[in-house]
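Enquirer: Shown below is the structure under consideration.
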Amino acid sequence: LDAWKLEATRLNREGIAVLSLNNEMLRFQLVQIAYLSIVGLVFGWQMVLFAIAIAIVGFLQLETVNYIEHYGLERKKMPNGRYEHVQPHHSWNSNHDMGRIFLYELTRHSDHHFKANRKYQVLRHFEEAPQLPTGYPGSMLIALVPPLWFRMMNSRVKEEVNRVELALG
């Protein structure tokens, strides 16, 4: 809903009708409807439910990864109201070789935030970036059991916040 509101605000500011093909959110919905229609026509309408189930699994995995990558870490708000620039200590990494290979360096998330246009093949490992206690697959599974996740991560978050505060003075 927030994305729809932001897009409506953008279009209103530019003097463009919200209900038009200039509305990116509307275009995204039309693409999804077209995709599901093609799946139904080509593979049968029962497969539309399968395609929707796949999409649900995909966004749940994406949101779980997003959750574990940023859990408990915050950027400081500056006196001017803006937030500090993204630094390597603003997201969790996991420098396990197998995870790096299978997840296309996703586990070097801090470098992606620090230098967003850096290609995934050359993302760097930062020793000062917080490290997850397990690889991404293990962390994702643990995050599905909140009491276990909180017990494992909350002390790490406190340690990381203290470490960064000491380092930054």
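Enquirer: Would you check which residues across segment 153-169 are over 12 Å from Trp92 (Cβ atoms) and either polar (S, T, N, Q) or in a helix (DSSP H, G or I) (or both) and list them?
Expert: Asn154, Ser155, Lys158, Glu159, Val161, Asn162, Arg163, Val164, Glu165, Leu166, Ala167, Leu168
Enquirer: Give segment 104-149 a look and list any residue that's in a loop (DSSP other than H, G, I, E, B) and open to solvent by 80 Å² or more (accessible area, probe 1.4 Å), or say none.
Expert: Passing the criteria: Tyr104, Lys115, Asn117, Lys119, Arg124, Glu127, Glu128, Leu144.
Enquirer: Here are the criteria: (1) closer than 15 Å to Val164 by Cα; (2) assigned to a helix (DSSP H, G or I); (3) not polar (S, T, N, Q). Tell me which single one Leu73 does not satisfy.
Expert: Status for Leu73: all satisfied but (2).
Enquirer: Can you name the number of the only condition in (1) open to solvent by 80 Å² or more (accessible area, probe 1.4 Å); (2) not in a helix (DSSP H, G or I) that Ile33 fails?
Expert: (2)
Enquirer: Residue by residue through segment 58-103, note down the ones that are among the basic types (Lys, Arg) and either open to solvent by 100 Å² or more (accessible area, probe 1.4 Å) or at pLDDT below 85 (or both).
Expert: Across segment 58-103, the qualifying residues are Lys76, Lys77, Arg82, Arg100.
Enquirer: Do we find a residue being open to solvent by 60 Å² or more (accessible area, probe 1.4 Å), assigned to a helix (DSSP H, G or I), in contact (Cβ under 8 Å) with a residue 12 or more places away in the chain and under 29 Å from Gly135 (Cβ atoms) anywhere in segment 1-8?
Expert: Among the residues of segment 1-8, not one is open to solvent by 60 Å² or more (accessible area, probe 1.4 Å), assigned to a helix (DSSP H, G or I), in contact (Cβ under 8 Å) with a residue 12 or more places away in the chain and under 29 Å from Gly135 (Cβ atoms), which makes the answer no.
Enquirer: Quick test for you: out of Val86, Val65, pick the one residue that is in contact (Cβ under 8 Å) with a residue 24 or more places away in the chain and outside any helix (DSSP H, G or I).
Expert: Val86
The values are calculated or read from the model by the stated rules, or taken from the named source; none is laboratory data. Not measured: the values here are computed from a predicted model. Because the Cβ atoms are built from the backbone with ideal geometry, glycine has one as well, and the counts that use them run over all protein chains shown. The protein model used for the area step is the full one, side chains on, heavy atoms only, and it has no ligands, DNA or RNA in it. Shrake-Rupley method; radii C 1.70, N 1.55, O 1.52, S 1.80 Å.
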